[in-house]
Amino acid sequence: EAPAEKHEFKAETKKLLHIVAHSLYSQREVFVRELISNSSDALEKLRHLQATSQDVSTEAPLEVNISVDKEAKTITFCDSGIGMTADELKDNLGTIARSGSKAYIEKMQDGADTKDMANTIVGQFGVGFYSAFMVGDKITVYTRSATPGSAGYCWESDGLGSYTLSKAEDVPVGTKIVISVKDDAKEFLGEDKLQEVIKKYSNFVGFPISVNGEKVNTVEALWTKDKNSITDEDHENFYQFVSGAWDKPMYNLVYKADGPISIRSILYAPTRSPEAMGFERVKPGVSLYSRKVLIMPNAPGLLPEWLRFIQGVVDSEDLPLNLSRELLQNGPVIMRLKSIITSRIIKWLQEESKRDVEKYDEFYKVFASFIKEGTCQDTANQKEISKLLRFETSGKEAGKLISLDEYVESMPSEQEHIYYFCTPNRKVGVESPYYAPFKQHGTEVLFLHHALDEFVMGRLQEFKGKRLVSVDSKEANSVLEKWNKAAQAESPESAATALTTEQANELTAWLLTNMGPSVKEVKVAERFMTYPAIVTDFESPAVRRMMKMMAGDSE
Ligand code: ADP
Ligand code: MG
């Protein structure tokens with residue numbers, strides 16, 4: 001037999017392994033979930049190959065068998081899934097697959113608190129296969145790929161810096177992972193403990209899981225069950241199972257339809273968003289099934305980009321099992337599915353926003369940027385998405401949000417437009433001369449502080465037939481002139497203090513000659529109630545800020 005080859009782990013893998021092995025966890029038990037989820041993935045892949053009648057060299061029942069040996073101090077996870085070739089072993093178990101963890105580890109400072117980091121990584125991204133090193137000081141993996149003619153291999157590591165790889169005889173198709181349990185992790189050698197952890201995290205895995213021959217989980221596709229028989233706990237577990245995340249779902253939707261397309265689905269809005277926290281763009285979170293067979297995990301094209309934060313499962317028996325990538329992106333059935341499910345999701349979020357305003361605010365604070373992205377990009381659904389937007393307003397204290405619907409509902413009947421003002425923060429908005437006349441007039445103004453808001457308003461243009469008007473725009477000027485005229489008609493003595501046309505012309509000429517190139521145009525407008533002059537319109541304050549920034553001028 002050929003001797004084992006020795007391979008070094010990549011640098012970031014070493015860092016991760018160090019963190020994993022040297023930080024004490026209350027959450028060590030998650031290794032069970034991680035290994036079972038890998039087995040489940042491998043079984044799904046094999047089931048898909050079998051369902052599309054491709055050539056695979058196995059007919060073994062699809063299952064996960066876990067065994068503990070108290071004397072040898074080992075726990076063994078064995079699945080009859082798709083297995084790995086030698087190259088796949090090197091690629092998959094030698095590097096960090098989880099992009100979130102990888103980005104986090106690359107960013108982290110040397111000397112940072114590893115316990116803290118471990119908690120963040122485990123809590124937010126999961127450490128996948130490497131979590132086995134939280135409880136094991138040696139891990140041995142036996143695997144054989146289901147591709148006909150593949151050989152069996154053995155991978156082994158103590159998690160310190162390297163692993164060995166060798167050919168192995170008599171390995172059945174699938175993967176077997178043997179963990180030599182550390183002395184301080186002996187509790188996991190108990191069947192009861194393992195069963196408890198499996199029930200907690202892996203109850204919804206779609207394949208039988210057994211511990212020393214005893215079946216533990218309920219093998220059922222939750223999305224085919226009756227909505228009312230699904231408990232909150234089921235949802236929480238299922239959400240964590242499908243998303244691989246550790247938070248709780250903020251909202252859930254069980255949605256079924258029989259025509260024009262058959263749909264069985266469960267969808268979740270998470271509580272947290274790694275992407276909004278500054279980690280890289282997340283993958284789509286909804287997986288596509290047909291009659292309980294996974295067609296495509298994290299299916300691109302099933303939902304519009306802006307809904308990539310939604311997690312869950314969509315099962316449609318109208319989909320062919322061997323769906324090509326192209327068909328997935330543009331096929332007619334997918335397009336129909338996409339449009340039906342997208343509308344349903346928007347309606348669902350609208351309903352949730354009405355059901356519990358405070359909860360929706362909480363959700364909105366985390367996911368606002370996705371909704372704004374949708375308002376700008378998803379033109380087909382723009383109107384409905386815009387009802388999900390929330391903004392601060394002069395009508396409420398700082399931090400309180402309202403919808404455009406609420407704004408319009410509380411508008412006095414004679415008010416023509418919806419007014420908004422983009423400023424870096426509320427203080428600047430409140431103290432600004434642009435806002436002053438609106439304040440004086442008692443007209444509500446939305447205060448927008450987010451970088452995307454100006455684009456959102458530009459794209460949206462109107463809401464329920466009311467134009468969205470920035471308080472520093474030409475349109476606002478003409479409204480203010482109207483207000484001024486009305487005010488002057490009411491109290492003629494205030495009109496007497498204004499400049500005559502002659503005086504105004506003189507001042508205009510003076511400004512143009514004396515202010516040089518920094519003045520582009522001078523206009524006489526009857527806008528101002530408390531300020532003698534104001535810069536308007538050519539560019540909005542946000543664009544001016546941007547131009548200043550580009551010129552290297554910081555405010
Ligand atoms: P992730 O599951 O997020 O990809 P993991 O670290 O858990 O990350 O696993 C890394 C990769 O190793 C998997 O993507 C898969 O390709 C491979 N792998 C792990 N366990 C198994 C298994 N039981 N059977 C087949 N492949 C596996
Ligand atoms: Mg995994």
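The values are calculated or read from the model by the stated rules, or taken from the named source; none is laboratory data. Note that the coordinates shown come from a computational prediction; the quantities given were computed from them, not determined experimentally. When we count neighbours, we look across all protein chains shown, and the Cβ atoms used for this are built from the backbone with ideal geometry, even at glycine.
In table form, for the structure just shown:
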read-out	value
Strands (runs of 3 or more DSSP E) fully within the range 200-303 counting 1 or more residues that are at pLDDT 90 or above, buried (at least 17 other Cβ atoms within 10 Å of the Cβ) and β-branched (V, I, T)	209-211, 249-257, 263-270, 285-290
Selected residue [modelled with pLDDT under 95 and in contact with a Gly (Cβ under 9 Å, 6 or more places away or on another chain)] from S101, S39	S101
Unmet requirement for S180, which otherwise passes all of (1) within 15 Å of ligand 1 (Cβ to nearest atom); (2) of a type in the set (S, T, N, Q); (3) not in a loop (DSSP other than H, G, I, E, B)	(1)
Members of the range 142-162 found to be closer than 16 Å to Y130 by Cα, crowded, with 16+ Cβ neighbours inside 10 Å and touching a helix residue (DSSP H, G or I) at 6+ places or on another chain (Cβ under 7 Å), listed by number	W155, G159
Some residue of the range 304-311 being more than 16 Å from ligand 2 (Cβ to nearest atom), out of contact with any Ser or Thr (no Cβ under 7 Å at 6 or more places or on another chain), part of a loop (DSSP other than H, G, I, E, B) and at pLDDT 95 or above	yes
Unmet criterion (only one of (1) basic (K, R); (2) loosely packed, with under 15 Cβ neighbours inside 10 Å; (3) at pLDDT 95 or above) for K387	(2)
V366 being farther than 28 Å from V293 by Cβ, of a type outside the set (D, E, K, R) and without any contact (Cβ under 8 Å) to a residue 60 or more places away in the chain	no
Of all residues in the range 42-54 being touching a Leu at 6+ places or on another chain (Cβ under 7 Å), of a type in the set (A, V, I, L, M, F, W, C) and over 22 Å from K199 (Cβ atoms), the one that is farthest from ligand 1 (Cβ to nearest atom)	A51
Where A146 falls short, out of the listed (1) within 16 Å of ligand 2 (Cβ to nearest atom); (2) modelled with pLDDT of 90 or more	(1)
Residue among A221, A245, A257, A269 that is touching a strand residue (DSSP E or B) at 6+ places or on another chain (Cβ under 9 Å) and either of a type in the set (D, E, K, R) or under 22 Å from R47 (Cα atoms) (or both)	A221
Residue in the range 140-158 that is nearest to D184 (Cα to Cα), counting only those that are within 11 Å of ligand 1 (Cβ to nearest atom) and not hydroxyl-bearing (S, T, Y)	V141
Search result, residues across the range 44-76 that are under 18 Å from I139 (Cβ atoms) and either exposed (fewer than 14 other Cβ atoms within 10 Å of the Cβ) or in contact with a Lys or Arg (Cβ under 7 Å, 6 or more places away or on another chain) (or both)	D69, A72, T76
Close pairs from the range 174-201: first on the phi > 0 side of the Ramachandran plot, partner part of a strand (DSSP E or B), Cβ under 6 Å, at least 6 apart	G174/D79
Count - residues of the range 5-36 that are at pLDDT 90 or above and surrounded by fewer than 20 Cβ atoms within 10 Å (Cβ to Cβ)	4
Positions within the range 272-298 being closer than 18 Å to L43 by Cα and among the aliphatic types (A, V, I, L, M), in sequence order	L288, V293, L294, I295, M296
Failed item, numbered, when E317 is tested on (1) within 23 Å of D41 (Cβ to Cβ); (2) buried (at least 17 other Cβ atoms within 10 Å of the Cβ)	(2)
Residue list for the range 454-492, filter: aliphatic (A, V, I, L, M) and within 18 Å of C376 (Cα to Cα)	V456, M457, L460, L468, V469
Residue under evaluation K115, criteria (1) out of contact with any helix residue (DSSP H, G or I) (no Cβ under 8 Å at 6 or more places or on another chain); (2) modelled with pLDDT under 95; (3) outside any helix (DSSP H, G or I), criterion not met	(3)
Verdict on V181 being touching a helix residue (DSSP H, G or I) at 6+ places or on another chain (Cβ under 8 Å), closer than 22 Å to F31 by Cα and surrounded by 18 or more Cβ atoms within 10 Å (Cβ to Cβ)	yes
Q377 being surrounded by fewer than 21 Cβ atoms within 10 Å (Cβ to Cβ), under 30 Å from R272 (Cβ atoms) and not basic (K, R)	yes
Failed item, numbered, when K365 is tested on (1) surrounded by 16 or more Cβ atoms within 10 Å (Cβ to Cβ); (2) not in a loop (DSSP other than H, G, I, E, B)	(1)
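Yes or no, residue by residue, for (1) out of contact with any helix residue (DSSP H, G or I) (no Cβ under 6 Å at 6 or more places or on another chain); (2) within 11 Å of ligand 1 (Cβ to nearest atom):
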residue	(1), (2)
A4	yes, no
K10	yes, no
T13	yes, yes
S37	yes, yes
S40	yes, yes
V56	no, no
S67	yes, no
S80	yes, yes
E106	yes, no
